[in-house]
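See structure below.
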Amino acid sequence: MVRIAFRMRVHHGRQAEYERRHNPICDELRDTLLRHGVCSYSIFLDPETDDLFAYAEVDSQSRWEAIAATEVCRRWWHAMREIMPSHDDDSPVSRTLREVFHLERPAGVSGRSVDRPCDDRVA
């Protein structure tokens with residue numbers, strides 16, 4: 001499983017339209033994402049800055065990248081370019097984020113807190 005995070009932006013005053021177009025996304029786009037190994041995909045909006053934060057869990061980086069070549073993705077990008085910054089090929093302007101921390105509960109471990117002191121890495 002690969003975790004992918006990136007930032008985009010919606011044009012000021014177009015937040016409601018961005019949300020409307022995503023609730024729900026069209027079946028064809030949803031099916032394409034799932035067929036390309038997307039297990040989970042969320043987009044968060046910061047209403048004060050118009051920034052979007054996207055997070056996806058996918059089977060592989062290559063399958064994720066292949067989505068961009070699909071006809072449905074290209075049509076989606078073209079339709080979205082009027083409400084968000086986009087490149088000449090209609091793809092949204094985005095910045096990939098590098099993961100610096102990840103915590104996942106091991107299988108079979110309860111959600112209870114365990115008292116463990118932090119070491120000297122925490123000041």
Rounded to whole Hz, the Karplus (6.51, -1.76, 1.60) HN-Hα couplings of the stretch 37-45, x for glycine and proline: x, 6, 9, 7, 8, 10, 10, 10, 10
Computed magnitude of the charge dipole of the stretch 2-97 (debye, nearest 20; Cβ of K, R +1, Cβ of D, E -1): 100
Hey, quick one: spin label on His12, modelled 7 Å out along Cα-Cβ, who in the stretch 65-88 has an amide N within reach, i.e. under 15 Å? 84-85
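Each value in this text was obtained by applying a stated rule to the coordinates, not by laboratory testing. On a predicted model such as this, the values are computed, not experimentally measured, just so you know. Ideal geometry is used to build each Cβ from the backbone, glycine not excepted, and the neighbour counts take in all protein chains shown.
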